[in-house]
Amino acid sequence: MGILSYTFMQNALAVSLLASIAAGIIGTLVTVNRMSALAGSIAHASFGGLGLAYVAGFNPLLGATGFAVISSMGIAAVSSRSRRKADTAMAAVWATGMATGLVLIKLSGTYTADLMSWLFGSLLAVSPTDILYAAILDLVILAVVAGFYKEFLAVAYDQQYSRLQGVPVTLFMVVFLILTALTAVLLMRVTGLIMVIAMLAIPPAIAEMFTGSLWKMMVLSSVLAALFSIAGLFLAALLDLPPGAVIILIAAAVYSAALVVEKARSGWA
Amino acid sequence: MNGCPGPETVIELDGVTAGYDRNRPVIDAIDLTVCRNDFLAVIGPNGGGKTTLLKVMLGLLVPWEGTVTVLGGTPDGSRGAVGYVPQVIPEETFPITVMDVVLMGRLQSARRPGRFGRRDREAAVRNLERLDVGELAGSDMNSLSGGQKQRVLIARALAGSPEILLLDEPVASVDHETQESFFNLLAELNEELTVVLVTHDVGAVSSHVKNIACINRLLISHGDSISSESVARAYGCPFELISHGGIPHRVLGRSGKVQD
């Protein structure tokens, strides 16, 4: 394909492949910890950071990352006390982040096109900085999750038992939330803020149907996310459609097919 | 009454009051002494404080009043010596193998990041085999029956080589046919370990355990006087069932309030 000779296409491919690794691993942890609402909340809160970055004139990626990390810590602090309060906190952070971002971006006089690129992704406009961000994040996630795999597995499967075994459960949840925040910001570049949850939730949901252990689920999720991204990217280029949306539509189609297969399998058994 | 006759005391609760809502204690002024190699069933209705009692013994819940001593130390300090078997939740699904579940019982002894070592894996396999579920090691935990899951959870508790085994509602996930062999298994484990279980199913446990206590906010032990029997009934403890169980009578402990 001739389109691969364009630098923007190479960059887009690099970022989406690197983002797939982070999305598959963190998405799996988000899924088994039943925290997709939290991931969505963090992603939307980071929009406030974008607004701040545009007003104050620093790097939007930095602003989004900062807000994502701070909001995840805030939610963690509230949810350690009560699960119902956590639900309220997530909803509040979700909407407040969006509102803050919209107001600040309007005040900064930024073009709407910039705004749209964060909301709906801007895969064809990613920079070498984005590639670097993705590569470093992948390395950190791989190192942390591989090094403490048994602890992450234990905390996700049975928090109470992990605590009895002397695992610092709260510390692991905090690290997990920070990695989730960083991954959410990275995925904003690929699919856009609005579709971050889909990228974190759909590949692991499919993978869970066909795997029996956490690490296999992580690997399969990453592979699926990469396949969806590549297919979506090329299809979008071919049909002149927004790549983020096409990626999600492909993921959703495969998920539906997987559900049918799963249903049929359990029906025969 | 608090000293154990020959063998030593392994768990001692002294005036323990605990709960979640400040105004409403779930367990109230509990005294309980568990001796080494005891096989104790704590029975009581749902909401009577059985799980709270276990949490206090495990150090997961700090009591408002009173002290908890486990093997001469605090519950936190004795964690490695206590094997906990939680209630089996039947509908739960999670991508995890049986081996990985049992290895969780080795987290404390592994005590370092990275993969589990060979000794941890050997301990896991040994305990799975001891519970007759060795062939399930590579299976998906979700594909197991309730009884099999229970055995895996017991293997996990044993993998850390505990001195005390605490079980939460173990009878609930065992069907009637396998109940007999399940209690034989616990009796066998009881030769080396102190076993404490909590359950609402008095009928199932009464003929298998060495001692019974009843908890419904207050704790009433079987060996107490007739007057406490009426109190026990008033508090919802099914005393008749216990009395016909043919269990050796011994005072386990009593709540100060019951004696008033």
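Worth a mention:
- The modelled label-to-label distance between A:THR170 and A:VAL103, using points 7 Å beyond Cα along the C-beta direction, is 3.2 nm.
- Counting all C-alpha pairs of the range B:93-162, share separated by more than 16 Å (%): 38
- In the range A:2-268, the alpha-carbon atoms span a convex hull of 131 Å³ per residue.
- Estimated FRET transfer efficiency (A:ALA135, A:ALA113; beta-carbon r; R0 30 Å; 0.05): 0.65
- Across peptide A:146-154, the average count of Cβ atoms from other chains found within 10 Å of a residue's Cβ is 5.
- For B:GLN87, the residues 5 or more places off, or on other chains, whose built amide H falls under 5 Å of its own are B:ASP168.
- Scalar couplings 3J(HN,Hα) for the range B:176-189, obtained by applying the Karplus form with A = 6.51, B = -1.76, C = 1.60 to θ = phi - 60°, are 4, 5, 9, 4, 4, 5, 5, 6, 4, 4, 4, 4, 5, 5 Hz; x denotes Gly and Pro.
- Antiparallel DSSP beta bridges within the protein assembly as shown, percent to nearest 5: 50
- Applying 1/(1 + (r/R0)^6) with r as the Cβ-Cβ distance of B:GLU65 and B:ASP175 and R0 = 41 angstrom yields a FRET efficiency of 0.50.
- Calculated FRET efficiency, B:THR74 to B:ASN142, Cβ-Cβ distance, R0 = 41 Å: about 0.70 to the nearest 0.05.
- Coupling constants for the range A:7-22 follow from the phi torsions by the Karplus curve (6.51 cos²θ - 1.76 cosθ + 1.60, θ = phi - 60°), and in residue order they are 4, 4, 6, 5, 4, 4, 5, 4, 5, 5, 5, 5, 5, 5, 5, 4 Hz; glycine and proline get x.
- Percent of C-alpha pairs per 10 Å bin, the protein assembly as shown, short to long: 4, 17, 23, 20, 16, 11, 6, 2, 0, 0
- 3J(HN,Hα) couplings calculated from phi for the range B:129-143 with the Karplus curve 6.51 cos²θ - 1.76 cosθ + 1.60 (θ = phi - 60°) are, in sequence order, 5, 4, 9, 6, 10, x, 6, 8, 3, x, 6, 6, 4, 5, 7 Hz; Gly and Pro show x.
- The range B:1-152: equivalent-ellipsoid semi-axes (sqrt of 5 x gyration tensor eigenvalues, Cα, Å): 32, 19, 16
- Listed residues A:ALA99, A:ALA43, A:ALA23, most fluctuating in chain A (Gaussian network, C-alpha, under 10 Å): A:ALA99
- Members of A:LYS150/B:LYS210; A:LYS85/B:LYS50; A:LYS263/B:LYS50; A:LYS263/B:LYS55; A:LYS85/A:LYS263; A:LYS263/B:LYS149 lying beyond 32 Å, as alpha-carbon distances in this model show: A:LYS150/B:LYS210; A:LYS263/B:LYS50; A:LYS263/B:LYS55; A:LYS85/A:LYS263
- Inter-chain neighbour count for B:113-121: the average number of beta-carbon atoms from partner chains within 10 Å of each residue's beta-carbon is 2.
- Taking amide H as placed 1.01 Å from N in the peptide plane, the amide H of B:LEU165 sits under 5 Å from that of B:GLY83, B:THR194, B:VAL195, B:VAL196, each at least 5 places away or on another chain.
- Packing-based exposure ordering (other Cβ within 10 Å, fewest first) of B:HIS200, B:HIS208, B:HIS176: B:HIS176, B:HIS200, B:HIS208
- Sorting A:VAL196, A:VAL261 by the number of Cβ atoms found within 10 Å of their own Cβ, with the fewest placed first, yields A:VAL261, A:VAL196.
Computed from the coordinates by the stated procedures, all read-outs in this text should not be read as laboratory data. Here the structure is a predicted model, which is why all the values come from computation and not from measurement. In this analysis, Cβ positions are derived from the backbone assuming ideal geometry, glycine residues included, and neighbour counts consider all displayed protein chains.
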